[in-house]
Structures are given as C-alpha cells and as structure tokens.
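Below: one structure, written as structure tokens.
The values are calculated or read from the model by the stated rules, or taken from the named source; none is laboratory data. Being a predicted model, the structure only gives us computed values, none of them experimental. Cβ placement follows ideal geometry from the backbone for every residue including glycine, while neighbour counts extend to all protein chains displayed. Areas reflect the complete protein model, heavy atoms only, side chains present, ligands, DNA and RNA absent. Shrake-Rupley method; radii C 1.70, N 1.55, O 1.52, S 1.80 Å.
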Amino acid sequence: MKLASLRNGRDGRLVAVSRDLTRYLDAGNVAGTLQAALDDWHAIRPELERLAEQLETSSAGEAFDESACESPLPRAYQWVDGSAYVNHVELVRKARGAEMPESFWIDPLMYQGGSDSFLGPRDDIPVGDEAWGIDFEAEVAVVTDDVPMGVPVADAGKHIQLIMLVNDVSLRGLIPAELAKGFGFFQSKPSSAFSPVAVTPDELGAAWKDHKVHLPLMSALNDSPFGKPDAGIDMTFDFAQLVAHAAKTRPLCAGSIVGSGTVSNKLGDGPGKPIGEGGVGYSCIAEIRTIETIQAGSPQTPFLRFNDRVRIEMCSADGQSIFGAIDQAVVRYDE
C-alpha cells in the first residue's frame, strides 16, 4: 500500500496511491490525514488497503501529481535521526583527525530533529547564506505506530508501519560551533523533506529484509548522478535496532519518524569512490569532501549553492520508482 498527503491545510489530505504512482483515491472517508490513520492504525489500515486494492483492480482514481504532495507527514510528533552507516561517521571523524570510539559500533548515534515544519518533496530549500555549508543527506526513514518504552529489538520491528525517503538538509558550516557547545544540533539542521509517498514494508517484497531496505538509493546533483549506494549494505544498525534505541527511556507515539542517517557504502576496506570512477558515489557532499581531505589534504567539491538542484529516488528491480522523487532547488531565504 502506498499513501500520500496532498496539500491541504497544515496536515495535508490523505490519499491512497497506485503502485505505479499514476492515480490516487481520496481516503477522507477513512481518515482525513495520515496522522489520524496512524493514531488508530490497526483499525484503519484494512480500510486503506481496500482503497489501494481498488486502484490496482480498476481504473478508478484521479491523476496523481507528485508536485501536489506535502511530505507524507507534513509535521510529526517525533523525528529522530540515527547514524546507522557507521562507515560514514568514521570517515567524517577521520577527516578532522578525531578517533572514533569503539562504542559507536555497538551503540547507535541518534539526535532529535525539528518536526514541526517539514518541507514538501518538491519544495525549495530556503537558506539564508551559502557560507553556512549547505548539504543534502539522502536517507531512508520509517514511521511507527505506538511503541512502548523499553521495547526489545526482537519486538521493535513489528511497530514499523511505513517506509519513506528523506533529504535531511544540513548546514555543515554551523555544525562545529553547535557541537562544541555540547548540546547537539539545532540551527545546523533546518527543515527536512520526505518522499511524496510512504509505503508499507510489504510493498518492497524481498527488498525489505532484516529490517533493512536492500535497494540502491539514488541521488543526483544538477541532473548528474551523485550516489547510488545500496541501503541494505554496510548498515550497522537495522531499523528495529534504531526504533528500540529511540524507545529505551520513553514511548514513541504513533507517527514517530526514525531515520537511517546518510546511506554510505564502503569499497572493501577503504572509502567508496565517485560514480565517475566506477564506485557507487555518496549520499551527501560532506562524505566526498571527507575523502578528498584524507587523500589530497583538502576538499575540492563545493557545498550546495543557490539554484543547485538535488534529486533523491529509489527504484525497484524493474526500474519503477517506489516512493516518487524528492526534487528540490536551493534558494536564498528572503523574509
């Protein structure tokens, strides 16, 4: 089943979307918003599945337009982002000469992000200054139902109800000063954007295994391929582990979003290579800058500039877009 939120007020209008992303049916008679559906998910899901089945077995529905979508949850009660690809963390720390604690391999990193104003998947990314080091981060995220506090990893996976993609925008130039304060990210993490469509895990078939998505996550910068790492490879912590980590000391309410962190693949024992050199590339600019620093002493690839465009998408084995595309331009913010 695929679900989306069309633009309508603050929380969008819930619709069911056909597998090929061409048609939709309004879900208003079942639940007005995705959050309302998640609040009573186990009762409402069967009704939504009937709409989804109608789309696949008839010509019912209206034309679906990804540009008419908000993020599936335009705002959420909880947005936490992990760093499950520890290879990425290790590279970034190595570039600044910092050792990585061994605990990072057994205890996930996670921060709590702002969830009150997500961008739509085709919305511009407004930024006040190019000097802030504008970066994209292509990730996978899951949405939960109500998760009890202290849920064990063995049970956490059953609380994952939806999967989507995310562009976790980062302002790299602001991060060092914020982290130096010892209180974490805030100004350096502006509004994120999520894919037009959220899908139930069964839509991925065999690609959803061991609570990981085993498919390439493709990103492009100004229409040039930038990354295609496999989201199921080199993921140190799966989504069940991330959900359990987030719920260790608090319950997670329905509609909580848990991100994977930047998807990153190694190449043997070393860092990955750009696509142009036969590698799978990267899911953020910081990673290629890190490798350039390690190999050449300084970064060569610039961060995003105004009018740059980023596209993030994931396709099935037969080339069909699964979640639709995040496609955003960076613009100067004017009050």
Probe of 1.4 angstrom, ligands and nucleic acids ignored: what's the accessible area per residue over the stretch 273-335, in square angstrom?
49
Taking only C-alpha pairs under 8 Å that are 6+ residues apart, what is the relative contact order of the chain in percent?
22
Solvent-accessible area per residue for the stretch 97-161 at a 1.4 Å probe radius, Å²?
45
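Would you mind getting me the FRET efficiency between GLU56 and ALA154? Use the beta-carbon distance for r and R0 = 25 Å, nearest 0.05. Working shown, then result.
Numbers: r = 33 Å, r/R0 = 1.33.
FRET efficiency, GLU56 to ALA154: 0.15.
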In whole percent, how big is the carbon plus sulfur part of the accessible area of the chain, probe 1.4 Å, protein atoms only?
49
Can you work out the Karplus-derived ³J(HN,Hα) for every residue in the stretch 31-37? Use 6.51 cos²θ - 1.76 cosθ + 1.60 with θ = phi - 60°, whole Hz, and x for glycine or proline.
7, x, 9, 5, 4, 4, 5
Can you figure out the FRET efficiency of PHE306 with SER224, using R₀ = 25 Å and their beta-carbon distance, to the nearest 0.05?
0.90
Cα-projected label distance for ALA98 with LYS248, points at 7 Å along beta-carbon direction, nm
1.9
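Could you list, in their original order, any pairs among LYS2/LYS248; LYS2/LYS212; LYS94/LYS181; LYS94/LYS273 whose Cα atoms are separated by more than 23 Å?
Too far apart for the 23 Å limit: LYS2/LYS248.
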